[in-house]
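What follows is a short report on a single structure.
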Amino acid sequence: MKSISIYRANAIILLGILTVIALYYGKTFFIPLFFGIIFSMLMLPVSNKLESWGISRIFSTLICILIILLFIAAVLFVISAQAASFSNDLPKIQQQLEQMIDSLQQWIQQQFGVAPQEQIKMAKSQVSKLSQTVSNFATSIMKGLMGIITSFALIILYMFFLLWQRDKYKNFFLKLVKPENKVEAQRTLSSITTVAAAYLGGRLISMLFLAIIYSIGFSIVGLKNPILLSVIAVLPTIIPYVGAFVGGFFPLIMAFVSGATGTILPVIGILVAAQLIDNNLIEPFVMGAKMDLSPLITVVAIVLGELIWGVAGMILFVPLFAIIRIVCEHLPSLNPIAYLLEDELDEPDWVKSIKQKFSKG
């Protein structure tokens, strides 16, 4: 059995460490670039379709960017419109919250013998200690907002050039391989493009489905501002696994604060039922086996992404690991890594049959 050289093992470990360091300290550069690449792959079929209708490359690229901007503007419009309606209910929510605080103070006094005045003094002392922290937090939030605006401008810029001159970048990668390997390299690039587009597109379709189900369900159970609550609950679900728990927290809090305790269990039922349908019906159909990452590797990708790039890493590292799996799958020496990353479960038969019917149609 051929053993691995100690020097080669050390070189691989060193390469991994240097890669993590470069990704961490270069995140200001890499995050907008990776988002630009993912958005470009998502809009590539749209651009190709527009060009097949006789529209020039540059105008089709501008139309794709306009579609992205209109989508984001529509989401912001829905949030702002619902937020205006939500602001009208703030006095009532504040009154209900004060009643809950009074009840909590009475319970603490009965259980621990601490008078409400003492509770207020303790709370004020904690608030005074946290005042400096809140000030620093507000400053960081403002810097973060400016960073998001700057990053978004870079994402749009990267997306424009990647779509406009995509043939040049494709030929660049093909020139890096030997002539006899160009066919396999083209297949690899095609698979990478399909996976990246399927991930983000599938996530958006899944989020749209959840938003519709949440809005209908929250309206039926009587929650106010159901569309706003649905959008807030859906936005974190772009992060697999973790996002569903984070997003469901806000509607539960609003159901609890509204004073209608009878709506808490129905809201939980809506959240769970929608996630079950999405995980078992929507995502297998819109994504299928294209990602082909095992659940454990997906969780590892999310954790590593958060450690290196924060929330952006939790979104980007899942398709990044899927791309790594594809590359390893097409390189014989790295096939064991592809085997480790891939999902052992096959695509459900019902999904395959539906896709075959659509492809025939």
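Listed values for region 220-227 are Karplus-derived 3J(HN,Hα) couplings in whole Hz (6.51 cos²θ - 1.76 cosθ + 1.60, θ = phi - 60°), namely 5, 7, x, 6, 7, 6, x, 5, and x replaces Gly and Pro.
With Cα atoms defining each centre, region 149-210 and region 289-328 are spaced 16 Å apart in the structure. Largest to smallest in accessible area, the residues 166, 325, 8 fall in the order 8, 166, 325 (1.4 Å probe, all protein chains included).
Computed over protein heavy atoms with a 1.4 angstrom probe, the accessible surface ordering of 167, 278, 343, largest first, is 167, 343, 278. When peptides 178-188, 43-53 are sorted by average Cβ neighbour count within 10 Å, with the highest value leading, the order is 43-53, 178-188. Kirkwood radius, region 143-253, all distinct C-alpha pairs, inverse of mean reciprocal distance: 17.4 Å. Amide hydrogen proximity for residue 293: with H placed 1.01 Å from N in the peptide plane, the residues at 5 or more positions away or on another chain lying under 5 Å are 343. Across region 234-244, rounded Karplus estimates of 3J(HN,Hα) from the backbone phi angles (6.51 cos²θ - 1.76 cosθ + 1.60, θ = phi - 60°) give 8, 3, x, 6, 5, 8, x, 6, 5, x, 5 Hz, Gly and Pro being marked x.
The values are calculated or read from the model by the stated rules, or taken from the named source; none is laboratory data. These figures come from a predicted structure and were not determined experimentally. Positions of Cβ are backbone-derived with ideal geometry, glycine not excepted, and every protein chain shown enters the neighbour counts. SASA here: full protein model, heavy atoms, side chains in, ligands and nucleic acids out. Shrake-Rupley method; radii C 1.70, N 1.55, O 1.52, S 1.80 Å.
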